[in-house]
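These notes concern the structure reproduced below.
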Amino acid sequence: FFNSGFMLIEPSEERYRDLVAKTRTLPSYDDGDQGYLNAYFGQGWTRLHYSYNLMKSKTGNPDAFYWLLDNKWGEVRVVHMVGVKPWRCTSRRDCGGFPERVIPRLWALWWDAFLDMCEAKSHLIACHSPIEDPPLVGGGGEGR
């Protein structure tokens with residue numbers, strides 16, 4: 001099985017029509033997109049290089065994961081935030097529990113990038129968090 005949180009599909013009108021046509025007939029082990037896409041593609045897929053889908057996970061092989069962070073970070077283009085999402089928590093890593101699922105170095109990198117975009121007044125993002133008080137940027141220098 002693959003995780004459909006980040007994937008690349010070669011666009012095709014034919015594939016699109018086939019995907020849509022089979023939504024009512026193919027099973028989904030999770031009643032969602034991931035199960036459906038796994039049923040649709042079966043074993044006909046190729047894993048992306050880790051640099052384009054570094055999974056935020058300490059499961060499996062934590063030593064290998066931390067080795068990648070320490071030695072290959074410059075090659076990483078996409079960090080796939082599997083599980084607890086930093087944008088669903090405060091900048092202080094308060095996620096309503098689950099502290100064991102937070103990787104502090106990745107968390108800090110995500111929040112630094114987010115706050116840098118906010119300070120640059122990026123039009124690409126909304127610079128607020130519904131669970132963070134005070135505001136993330138401005139209003140007393142809180143947030144970092």
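Quick note: the coordinates plus some simple rules give every number you see, no bench work behind them. From a predicted model like this one, the values you see are computed outputs, not experimental measurements. All Cβ positions, glycine included, derive from the backbone under ideal geometry; neighbour counts span all protein chains shown.
Taking amide hydrogens as modeled 1.01 Å from N in the peptide plane, which residues meet the under 5 Å criterion relative to residue 80, leaving out close sequence neighbours?
Those lying under 5 Å, H to H, from residue 80 are 54, 55, 56.
Give, in nm to one decimal, the length gained when the segment between residue 63 and residue 77 is fully stretched (0.36 nm per residue of separation minus the Cα-Cα distance).
Gain on extension, residue 63 to residue 77, equals 3.0 nm.
Quick one: Karplus J couplings for the stretch 71-87, per residue in order, coefficients 6.51, -1.76, 1.60, θ = phi - 60°, nearest Hz, x for Gly and Pro?
Here the 3J(HN,Hα) series is 10, 10, 4, x, 8, 6, 10, 9, 9, 8, 7, 5, x, 5, 9, x, 6 Hz.
If I model a spin label as a point 7 Å beyond the Cα along the Cα-Cβ vector, how far apart are those points for residue 6 and residue 123 in nm?
Each label point is offset 7 Å from its Cα along the Cβ direction, giving 2.6 nm.
How long is the gain from residue 106 to residue 14 if the chain were fully straight, where each residue apart is worth 0.36 nm and the alpha carbon distance is subtracted?
Additional length available on full extension: 29.2 nm.
Based on the mean of other beta carbon atoms within 10 Å per residue, what is the order of 41-48, 78-85, most packed first?
Per-residue Cβ counts within 10 Å, averaged per peptide and sorted highest first, yield 78-85, 41-48.
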